[in-house]
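Colleague: First the structure, which I've put down as structure tokens, then a few questions once you've had a look.
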Amino acid sequence: MATASRPRLLSLDAFAKTVDDARIRTTSGGIITLLCVLITLVLIRNEYIDYTTVITRPELVVDRDINKQLVINLDISFINLPCDMASIDLLDETGDMQLNIINAGFQKLRLIKDKGNIVREISDDTPALNLDRPLSEVVKGLPEGGDPKTCGSCYGALPQEKHQYCCNDCYSVKRAYAERRWSFFDGENIEQCEKEGYVKRLRQRINDNEGCRIKGSAKINRVSGTMDFAPGASFTSDGRHVHDVSLYGKYQDKFNFDHIINHLSFGSNDAREEILNSVHPLDGYQFMLHKKHHVASYYLKVVATRFESLDQSKRLDTNQFSVITHDRPLTGGKDEDHEHTLHARGGIPGVEFHFDISPLKIINKEQYAKTWSGFVLGVISSIAGVLMVGTLIDRSVYATQQAIRGKKDI
């Protein structure tokens, strides 16, 4: 009788079976089995932890909100500059210019000192002088039929033969001086300023060596620009941005732009607190060179950042930035620390923040570290790997034991 043909699938069986009678159990095999079980449980536990862990993955995309305005949050303390002398200007590449915005979204705090140390802060509500307002809005002529005696003097800064200009307050006189580019100093001997107490108040704050803390927010266009702090009120003349620094230069032993940046950020502060790993590199930065005619510059690279939660219930937008610091004396010359570096000459003492807005956005998305399929694959791989390694070790140990017994029998 013909023998039944062997099934063709037997030659493809990768899981060859061992006869039960040929199986040998050893003590070393039991120990290796226990170790394999423990290692497998640990690996499965680690796979589960990875599967349930939430991580944040960044993604770089083109910023589609480039036309929206950007908020700057700033808190800076000038240790040796009274609030009356500090001004903030915003300029950008589009040509937009916002002059002396210290009262537009910012709060001024006078830093009162005692023996050189700051002892308290007092809110200062003194309005900032914007000398860039049109002359006709500030210095108006005498109304028809008005008393010529009520037309205040502009001290030669503006023509007054026909009473076409009347400087009836300190601000009007200062604006008239700006029109002629005259130095205003502290308003001494100007009747309007003396009556208003401007001169007395300013001199008192200067003699007390007051400082100024400025904090608040301002909106800028999402283009490259500059926010600068400089002494004296600012205005434009013949297309140039200038400051009246006459009072700053009058006192050679007072005033400088030593400062502490308490905080600087871009975007919503509420969102900033929610963003993980969000850093603000200038927070707490101190600039203390004690030099009067010096300018400190900060070059900021701003990148829009979005945070998206795991369940998409939260979408928070903010910004992050990197910074490069630089400072130079206005007199120019060689750098004290780098002998081959030559500084430019000229400029205005102060602090400048140059910001460059990136056209890209970083989206930080919360995700699980592993998917369900990745978790299952990891568990199977862990079990298979441990069993394979355990089998190899067991065979090696068993072969070694057999070889040792063979030598003893000889």
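The values are calculated or read from the model by the stated rules, or taken from the named source; none is laboratory data. Just so we're clear, the structure is a prediction, and the values are computed from it rather than from any experiment. Don't worry about glycine lacking a Cβ; one is built from the backbone with ideal geometry, like all the others, and counts go over all protein chains shown.
Colleague: Do we have Leu131 as in contact (Cβ under 8 Å) with a residue 24 or more places away in the chain and over 48 Å from the mean Cα position of the chain (by Cα) here? Steps first, please.
Modeller: On the way: in contact (Cβ under 8 Å) with a residue 24 or more places away in the chain: yes; over 48 Å from the mean Cα position of the chain (by Cα): no.
Taking the combined requirement at face value, the residue does not satisfy it.
Colleague: Could you list, ordered by first residue, the pairs with Cβ atoms under 7 Å in which the first is in segment 212-240 and assigned by TED's automatic domain parsing to the domain that holds Leu70 and closer than 12 Å to Asp96 by Cα and the second is among the charged types (D, E, K, R) and modelled with pLDDT of 90 or more, at least 6 apart or interchain?
Modeller: Sorted first by the residue in segment 212-240, then by its partner, the pairs are Ser224/Asp356; Thr226/Glu352.
Colleague: Same structure, new question: So, in segment 105-131, exactly how many residues are surrounded by 14 or more Cβ atoms within 10 Å (Cβ to Cβ) and touching a strand residue (DSSP E or B) at 6+ places or on another chain (Cβ under 7 Å)? Before you say what the answer is, go through the steps one by one.
Modeller: Let us first name the residues in segment 105-131 that are surrounded by 14 or more Cβ atoms within 10 Å (Cβ to Cβ), namely 105-113, 118, 121, 124, 126, 128-131.
After this cut, where a residue has to be touching a strand residue (DSSP E or B) at 6+ places or on another chain (Cβ under 7 Å) as well, the list is 105-113, 118, 121, 124, 128, 131.
Within segment 105-131, residues that are surrounded by 14 or more Cβ atoms within 10 Å (Cβ to Cβ) and touching a strand residue (DSSP E or B) at 6+ places or on another chain (Cβ under 7 Å) number 14.
Colleague: Let me ask you something else. Can you report the number of residues in segment 134-187 which are in contact (Cβ under 8 Å) with a residue 40 or more places away in the chain and surrounded by fewer than 16 Cβ atoms within 10 Å (Cβ to Cβ)?
Modeller: 3
Colleague: A further question on this structure: So Tyr165 fits all but one of (1) part of a loop (DSSP other than H, G, I, E, B); (2) within 36 Å of the chain's Cα centre (by Cα); what number is the exception?
Modeller: (2)
Colleague: Could we say that Ile122 is in contact (Cβ under 8 Å) with a residue 60 or more places away in the chain, aliphatic (A, V, I, L, M), assigned by TED's automatic domain parsing to the domain that holds His290 and not in a helix (DSSP H, G or I) here?
Modeller: The answer is no for Ile122.
Colleague: Same structure, new question: Between Leu377, Leu316, Leu310, Leu387, which is surrounded by 11 or more Cβ atoms within 10 Å (Cβ to Cβ) and in a loop (DSSP other than H, G, I, E, B)?
Modeller: None of the others qualify; the one that does is Leu310.
Colleague: Of everything in segment 33-81 that's closer than 25 Å to Gln312 by Cα and of a type in the set (Ser, Thr, Tyr), which residue is surrounded by the most Cβ atoms within 10 Å (Cβ to Cβ)?
Modeller: For segment 33-81, the residue satisfying everything is Tyr51.
Colleague: Residues in segment 202-222 that are part of a helix (DSSP H, G or I) and over 20 Å from Leu131 (Cα atoms): how many?
Modeller: The qualifying residues number 5.
Colleague: Looking at this structure, is Val303 part of a strand (DSSP E or B), more than 18 Å from Asp228 (Cα to Cα), in contact with a Phe, Trp or Tyr (Cβ under 9 Å, 6 or more places away or on another chain) and in the same structural domain as Asn221 (by TED's automatic domain parsing)?
Modeller: yes
Colleague: Of all residues in segment 223-254 being surrounded by 21 or more Cβ atoms within 10 Å (Cβ to Cβ), modelled with pLDDT of 85 or more and assigned to a loop (DSSP other than H, G, I, E, B), which is farthest from the chain's Cα centre (by Cα)?
Modeller: Of everything passing the filter in segment 223-254, Asp244 is farthest from the chain's Cα centre (by Cα).
Colleague: Any idea which residue in segment 2-54 is nearest to Gly374 (Cα to Cα), counting only those that are modelled with pLDDT under 80, of a type outside the set (S, T, N, Q) and part of a helix (DSSP H, G or I)?
Modeller: Leu12
Colleague: State the number of residues belonging to segment 282-335 that are of a type in the set (A, V, I, L, M, F, W, C) and under 13 Å from the mean Cα position of the chain (by Cα).
Modeller: Matching residues across segment 282-335 total 8.
Colleague: Something else about it: With the requirement that a residue be in contact with a Phe, Trp or Tyr (Cβ under 9 Å, 6 or more places away or on another chain) and not aliphatic (A, V, I, L, M), what does segment 134-155 give you?
Modeller: Those that are in contact with a Phe, Trp or Tyr (Cβ under 9 Å, 6 or more places away or on another chain) and not aliphatic (A, V, I, L, M): Lys140, Gly141, Cys151, Cys154, Tyr155.
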